[in-house]
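Asker: What follows is a single structure, and I will ask about it in a moment.
The values are calculated or read from the model by the stated rules, or taken from the named source; none is laboratory data. What you see is a predicted model; the values in this text were computed from it and never measured. Every residue, glycine as well, gets a Cβ built from its backbone with ideal geometry; the counts of neighbours run over all protein chains shown. Heavy atoms of the whole protein, side chains included, go into the accessibility calculation; ligands, DNA and RNA do not. Shrake-Rupley method; radii C 1.70, N 1.55, O 1.52, S 1.80 Å.
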Amino acid sequence: MKQQNEFVVTDVFFIKDIKKVIAVGNVTIGEFNTGDEVLVSVENQELKDKIIRIENMDNPEITVAKKGDNVGFMLDKVSENTVKVGSKIYTIQ
C-alpha cells in the first residue's frame with residue numbers, strides 16, 4: 001500500500017452518543033476527502049479506517065481538506081483512546 005497525504009493530530013475528541021472519534025489537526029501534505037480510506041499511525045501500528053466527515057470552525061461540514069487546513073476528521077472505526085496527539089493519518093492508494 002502506498003501512503004499519500006499526511007495529517008498530524010493535535011487533539012482528539014470522543015462523541016459518546018454516536019461513539020465516534022474526531023481527530024483534530026493539520027493537513028501537512030496533500031489533501032483529504034470525505035470517504036477517503038486512511039491509515040491511522042499510532043504507536044508503531046497502523047489501523048485502517050475511513051473519514052466519514054470533515055469539519056472546520058467556519059463550516060461544520062466540508063468535503064475536502066487541503067494542505068495547511070486545520071480541521072477535524074470524524075473516523076468510522078477507531079475506538080476511544082486509540083488515536084493520540086501526535087498520531088499521523090495517511091490516505092491509502
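Asker: Jot down the per residue volume, in cubic angstrom and as a whole number, of the convex hull over the alpha-carbon atoms of the chain.
Answerer: Taking only Cα atoms, the chain has a hull volume of 84 Å³ per residue.
Asker: Please arrange Ser41, Ser87, Ser79 by accessible surface area, largest first, computed with a 1.4 Å probe and ligands excluded.
Answerer: Ser79, Ser41, Ser87
Asker: While we're looking at this one, here's another question. Keeping every protein chain in place, order Asp69, Asp36, Asp17 by accessible area at 1.4 Å, biggest value first, i.e. largest first.
Answerer: Largest to smallest exposure gives the sequence Asp17, Asp69, Asp36.
Asker: Quick one: which residues, 5+ away or cross-chain, put their amide H under 5 Å from the amide H of Asp76? H built at 1.01 Å from N.
Answerer: Close amide H contacts, sequence-distant or interchain: Lys50, Ile52.
Asker: What accessible area per residue comes out for the chain, rounded to a whole number of Å², with a 1.4 Å probe?
Answerer: Value for the chain: 59 Å² per residue.
Asker: Sort out for me the Cα centre separation of the range 19-51 from the range 54-93, rounded to whole Å.
Answerer: 6
Asker: In whole percent, and with a 1.4 Å probe on the protein chains, what portion of the accessible area of the range 37-93 is carbon and sulfur?
Answerer: 42
Asker: I would also like to ask the following. Placing unit charges on C-beta atoms (Lys and Arg positive, Asp and Glu negative, everything else neutral), compute the dipole magnitude of the chain about its Cα centre in debye, rounded to 20.
Answerer: So the dipole magnitude of the chain works out to roughly 180 debye.
Asker: Something else about it: Just add up the charged neighbours of Arg53: K/R +1, D/E -1, any other residue whose Cβ is under 12 Å from the Cβ of Arg53.
Answerer: -2
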